[in-house]
1. Using a Förster distance of 60 angstrom, determine the FRET efficiency expected from the C-beta separation of residue A:115 and residue A:35, and round it to 0.05.
2. If each of residue B:24 and residue B:57 carries a label point 7 Å out from its Cα toward its Cβ, how far apart are those two points in nm?
3. Charges at C-beta only: +1 for Lys and Arg, -1 for Asp and Glu. How large is the resulting dipole of chain B about its Cα centre, in Debye rounded to 20?
4. Apply the a/c threshold of 1.5 to the C-alpha gyration tensor of segment B:1-91 and tell me whether it is rounded, prolate or oblate.
5. Which trypsin sites (Lys or Arg not before Pro) from segment B:216-307 combine a DSSP loop assignment with at most 16 other Cβ atoms within 10 Å?
6. Could you work out the pair-distance distribution P(r) of segment B:120-182 from its alpha-carbon pairs, with 5 angstrom bin width and percents rounded to whole numbers?
7. What GluC sites (Glu not before Pro) does segment A:106-176 have in DSSP loop regions with at most 16 other beta carbons within 10 Å?
8. What size of dipole, in debye to the nearest 20, comes out for segment B:216-307 about its Cα centre when the only charges are +1 on Lys and Arg C-beta atoms and -1 on Asp and Glu C-beta atoms?
Amino acid sequence: MNQNSNSYNSDSYNSENHNVENQTPNAKQSRPRTTWLWRIFLLNLVLVGAHLGEFWPFSIFPMFSKAGQPWSRAMVVETPLVDSDDPSTAQQWEPIDWAPQDIDILDLQAISLDEKGIDKIDFSNYVGKTEQWTPEVVSGIAKMIPDRPEQGKAWLVLKVRGRMDDGSVSVQGEPIVAMTADTVVLSPNYDNQSDTP
Amino acid sequence: MNRAKQWINALERSLFDDQPICSENERIRSGAITHFRLFELFVAAWAIAYAWTWGFYTFKSSVVVLELGVANYIPVASLFGLPSMIIAAVMTLGIAVSITRLWRWGYLVAILALHLQYVVRFSQGEIPHSSNLIGFALLALGVGFATHKDSVAQIRFTWGFLWFFVGLGYTSAAISKLVGTGITWIDGQHLVLWIHEKAIDYASMTGEWTPNVLQTAILESAWVGTLSLFIGWFTEAIGVLMWSRRLRPWVVLVTIGMHFGITWTMNIVFVAFVMQLILTGFPWVEWIVALRQRLSVSSSNSDSLTL
């Protein structure tokens with residue numbers, strides 16, 4: 001990386017004022033029209049200024065600029081089902097705690113969406129941005145996840161929320177939908193409707 | 001005013017003069033041309049891959065959620081599917097005619113087509129920045145070739161233009177963080193929050209997540225996170241130092257380190273960025289010349305042995 005050892009055009013580089021006479025013959029004959037740099041730079045300023053900082057490939061590169069913002073994601077976890085005398089009734093869901101629970105990221109075990117051919121961002125957007133959990137939306141989850149858990153187990157679709165409170169980070173997962181071998185149920189916190197696709 | 005003019009002259013000298021292609025040494029000039037052709041092939045390969053990948057994705061799109069770039073002015077929903085294949089074909093053809101030196105305006109056509117393809121593909125809500133460096137490179141080739149007939153001037157303009165926008169982009173990212181959050185952006189708890197977010201993403205994708213050594217250190221002590229964020233922010237802030245040819249390899253080296261740092265802390269991989277920085281930021285011309293010299297010496301040695 002010895003860039004000093006090959007100053008290809010050291011006369012012009014070191015000159016106080018730009019002077020084409022000081023350049024090598026090659027540099028003198030073929031100097032680019034630098035005004036085009038400034039024209040495009042001005043165009044860049046106008047375009048990003050008029051389009052909220054984005055006009056590909058021009059950008060103000062705002063990624064991660066807003067630190068400490070709450071976020072929402074989704075994941076699917078497996079949980080054992082508690083035996084019930086009448087599995088066809090909604091009573092079987094009573095043992096499931098639908099309340100949001102703290103998640104320890106050092107002990108994360110989830111159902112791999114990759115193995116099921118589901119895009120994690122699409123899934124997170126679907127779960128995170130849904131406001132009205134209609135039977136059709138619940139059905140959409142059931143279609144997205146093509147297979148079902150074994151008998152006696154449930155897959156819980158969690159809406160995971162992360163936030164900073166007084167300088168400490170907390171992550172909570174709230175079950176939204178539960179899937180068993182033969183049913184898909186929406187959390188009673190959102191609606192009491194259930195769907196059996 | 002005079003001082004501003006002097007500063008602009010100095011910047012232009014730093015960007016456009018003192019390049020290997022200006023050398024009186026034939027071997028260095030030849031090495032510079034080889035390096036530039038490799039760079040063109042690299043940009044062409046990525047741009048073509050982007051154009052077709054984005055094009056194929058649009059077959060799944062049905063509505064425009066986000067209007068980016070020219071999508072603010074034209075109905076890009078009508079370009080989903082088959083029309084986006086035509087855009088990809090035009091982009092590919094533009095690159096093909098310029099890289100083979102049949103028509104110097106081809107690169108300009110290609111960058112305009114790729115912009116259109118980008119806004120068609122990313123009309124679904126996501127704004128990725130992973131392709132911006134390739135975009136700058138194709139724009140540099142487009143403007144450089146369209147505005148110059150002389151091949152040496154084309155090469156000099158392309159490099160100077162590219163480094164101007166790459167350096168500016170990194171510094172702009174650092175400024176955005178100051179504007180978006182302020183000096184508290186470097187608080188290590190922010191990184192802890194991002195690590196948690198990426199951990200959920202990773203576990204959701206693969207089924208589990210285990211922190212690496214750096215992530216463990218940051219989760220255990222927010223000070224390590226603060227130091228990591230400060231180093232990252234500072235590295236971005238000095239991006240404009242890439243405008244200086246002498247400082248460029250060192251700034252590029254720490255920038256590549258920053259990208260690896262982001263990968264190790266937040267599982268975000270920067271393949272195109274890192275490859276482009278490696279290919280353009282280091283003294284490849286010197287290395288090509290040295291390699292050719294070594295090869296010619298070894299071949300002349302073997303010839304004399306045969307004789």
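1. On the way: r = 55 Å, r/R0 = 0.92.
The pair residue A:115/residue A:35 has a calculated efficiency of 0.60.
2. Taking the simple label geometry, residue B:24 and residue B:57 are separated by 5.2 nm.
3. Value, rounded to 20: 840 debye.
4. Numbers: a/c = 5.29, a/b = 1.78, b/c = 2.97.
Since a/c reaches 1.5 but b/c is at least a/b, the shape of segment B:1-91 is classed as oblate.
5. Details: sites: B:245, B:246, B:292, B:294; in loops: B:245, B:246.
Here the sparse-neighbourhood loop sites are B:246.
6. Reading the bins upward from 0: 4, 16, 18, 17, 17, 14, 8, 5, 2, 0.
7. On the way: sites: A:115, A:131, A:136, A:150; in loops: A:131, A:150.
For GluC sites (Glu not before Pro) across segment A:106-176 that sit outside H, G, I, E and B with at most 16 neighbouring Cβ atoms in 10 Å, the list reads A:131, A:150.
8. On the way: 5 positive and 4 negative charges, 61 e Å.
I would put it at about 300 debye.
Rule-based calculations on the coordinates, nothing more; no lab input. Values in this document were obtained by computation on a predicted structure and should not be read as measured data. Positions of Cβ are backbone-derived with ideal geometry, glycine not excepted, and every protein chain shown enters the neighbour counts.
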